[in-house]
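*Asks:* One structure, pasted below without further comment.
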Amino acid sequence: MDNFILSPQYRDILSLVKGFRNGVVYGTKIRFPHALVMTVLFRTGSPQQKITAILQATKAHARGLAFFVTGYKSLMLLQRYLSATGKNTDVHTFIAGFVSGYFVFGEKTSVNQQIILYLFSRIAMGLVNTAMKTTRFKAPPNSFALFAALCWGMVMVLFRRDKSVLQDSLRSSMTYLYEDSNHWTSLKTLLWHNK
């Protein structure tokens, strides 16, 4: 069995198997604790409903990553095979990511939305870092503080003007923090319970 697994002849196919496996494992490791904590803290319903919600979110995250990795790696292999040079390019990488992202994460679900928003924020930071590396521009020493201030200033204006444009969980969190804190009927609802 080790001869088969370690044979260069089967490396590409086995990398798809390992990529699928790693997608399931990583998606489970990331989503299960997050879903557990968020469900315990914020979700209403019976224990059975809460367990079901945790398992569904975990399955969706793990499944999405597993299928994305498999689709991406499959398209990269196909493009490398069809390439005159036998090598992948940045265009191949973009096409594989684009197609796999469309089919795997294209449905607007809460899990997919969280994954895409996470990616978008990391891409924005990556583009800023790339620009910094390729230019002579030096960021001021307080650039992160300015970035944080800009983010908070913008989100507060959006929340105040039209909170419906914000993502559901962000809007819910901000409502809890900034609006629910304006209402209480007793010492109990002032300090212990929100409502």
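The values are calculated or read from the model by the stated rules, or taken from the named source; none is laboratory data. What you are looking at is a predicted structure, and each value in this text was computed from that prediction instead of being measured. In this analysis, Cβ positions are derived from the backbone assuming ideal geometry, glycine residues included, and neighbour counts consider all displayed protein chains. We work out accessible area using only protein heavy atoms, side chains counted, and drop any ligands, DNA or RNA first. Shrake-Rupley method; radii C 1.70, N 1.55, O 1.52, S 1.80 Å.
*Asks:* If you average the sequence gap of Cα pairs under 8 Å that are 6 or more apart and divide by the length of the chain, what percent do you get for the contact order?
*Replies:* 14 percent
*Asks:* Please give the peptides 32-39, 107-114, 56-63, 82-89 ranked by average Cβ packing (other Cβ atoms within 10 Å per residue), highest first, as a rough proxy for protection.
*Replies:* 56-63, 32-39, 107-114, 82-89
*Asks:* At 7 Å along the Cα-to-beta-carbon direction for both ARG122 and ARG80, put a label point, then send me their distance in nm to one decimal.
*Replies:* Roughly 2.1 nm, to one decimal.
*Asks:* Additional query: Counting only protein heavy atoms and a 1.4 Å probe, tell me what percentage of the chain's accessible area is made up of carbon and sulfur.
*Replies:* 66 percent
*Asks:* Which value in nm describes the separation of the simple spin-label points at ARG63 and TYR176, placed 7 Å from the Cα toward the beta carbon?
*Replies:* Result for the modelled spin labels: 2.7 nm.
*Asks:* What nm value, rounded to one decimal, do you get for the distance between ASP12 and ASP168 when each label is placed 7 Å out toward the C-beta?
*Replies:* So the label points at ASP12 and ASP168 sit 4.1 nm apart.
*Asks:* Taking the 0 to 90 degree range and rounding to the nearest ten, how far is the long axis of helix 143-162 tilted relative to the main principal axis of the chain, both from C-alpha atoms?
*Replies:* 60 degrees
*Asks:* Counting alpha carbon pairs within less than 8 Å and at least 6 residues apart, what relative contact order, in whole percent, applies to the stretch 64-123?
*Replies:* Dividing the mean separation by the residue count of the stretch 64-123 yields 35 percent.
*Asks:* Using only Cα positions of the chain, each an equal point scatterer, no hydration layer, compute I(q)/I(0) via Debye at q = 0.11, 0.13, 0.15, 0.19 Å⁻¹ and quote the log10 values to two decimals.
*Replies:* -0.78, -1.00, -1.17, -1.35
*Asks:* At 0.36 nm per residue, and after removing the present C-alpha to C-alpha distance, how many nm does the segment from ALA139 to ASP90 gain when stretched out fully?
*Replies:* Between ALA139 and ASP90, full extension yields an extra 14.8 nm.
*Asks:* Got a sec to turn the phi values of the stretch 45-57 into Karplus ³J(HN,Hα) couplings, 6.51 cos²θ - 1.76 cosθ + 1.60 with θ = phi - 60°, whole Hz, x for Gly and Pro?
*Replies:* x, 6, x, 5, 5, 5, 4, 4, 4, 4, 5, 5, 5
*Asks:* Helix 90-105 versus the longest principal axis of the chain: what angle, 0 to 90°, nearest 10, using Cα atoms?
*Replies:* 50 degrees
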